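Undergrad: Please read through the structure below; I'll follow up with questions.
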Amino acid sequence: MTDKPELIQLPAAFTGFGSRADGGASLRFATQELTDVDFAQLKKIHNSFGWIVFKPNQRMTEQDLPSENAPRKEGHKSPSMRLRSVLFLVWDKKPEPKDSFDQYYQKEYETLIQMYKEEIDGNSSG
């Protein structure tokens, strides 16, 4: 495994953008036909967070590239916050009567913890 993050360089046209409710923007790019390797690289980093650098048809130099990780703004949900939100939606769809969300959340987390403990125990015995 390499210490350096993947760098994908593809010729593309910037085809549009739209505003998002959180104040960000949704960007659209269109590439030419992709090789299987390029497509696999895109699939591998799908839903990743990082930098996008675009320079209209001029040679890009190393100085054009950021040297630090892309910062996440406040308000971005951590993976644990996202899981809590999804669990809430599942709990909310359950018919009455049901546990309080806090009880449900604790029970589901305990189920996940036990599942991973069993995986650890199963892998250490082999």
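Undergrad: Do you know which residues across the stretch 51-82 are touching a Pro at 6+ places or on another chain (Cβ under 7 Å) and touching a residue at least 40 places away in the same chain (Cβ under 8 Å)?
TA: Those that are touching a Pro at 6+ places or on another chain (Cβ under 7 Å) and touching a residue at least 40 places away in the same chain (Cβ under 8 Å): none in the stretch 51-82.
Undergrad: Scan Lys98, Lys55, Lys117, Lys107 and give me the residue that is in a loop (DSSP other than H, G, I, E, B) and surrounded by 10 or more Cβ atoms within 10 Å (Cβ to Cβ).
TA: Being in a loop (DSSP other than H, G, I, E, B) and surrounded by 10 or more Cβ atoms within 10 Å (Cβ to Cβ) holds for just one of Lys98, Lys55, Lys117, Lys107, which is Lys98.
Undergrad: Right, another one. Condition first: modelled with pLDDT of 85 or more, part of a loop (DSSP other than H, G, I, E, B) and surrounded by 10 or more Cβ atoms within 10 Å (Cβ to Cβ). Now tell me which residues in the stretch 58-95 satisfy that.
TA: Answer for the stretch 58-95, where residues must be modelled with pLDDT of 85 or more, part of a loop (DSSP other than H, G, I, E, B) and surrounded by 10 or more Cβ atoms within 10 Å (Cβ to Cβ): just Lys94.
Undergrad: So, Leu27, is that one of a type outside the set (Asp, Glu), under 18 Å from the mean Cα position of the chain (by Cα) and assigned to a helix (DSSP H, G or I) or not?
TA: No; evaluated as a whole, the condition is false for this residue.
Undergrad: Then there's this: For the stretch 107-122, how many residues are under 16 Å from Phe88 (Cα atoms) and within 25 Å of the chain's Cα centre (by Cα)?
TA: Of the residues in that region, 5 qualify.
Undergrad: Still on this structure, I have one more. Scanning for something aromatic (Phe, Trp, Tyr) and over 21 Å from the mean Cα position of the chain (by Cα), does the stretch 38-46 turn up at least one residue?
TA: Checking the stretch 38-46: not a single residue is aromatic (Phe, Trp, Tyr) and over 21 Å from the mean Cα position of the chain (by Cα).
The values are calculated or read from the model by the stated rules, or taken from the named source; none is laboratory data. These numbers were taken from a predicted model, which means no experiment stands behind them. Cβ sites come from the backbone with ideal geometry, for glycine too, and all protein chains shown count toward neighbours.
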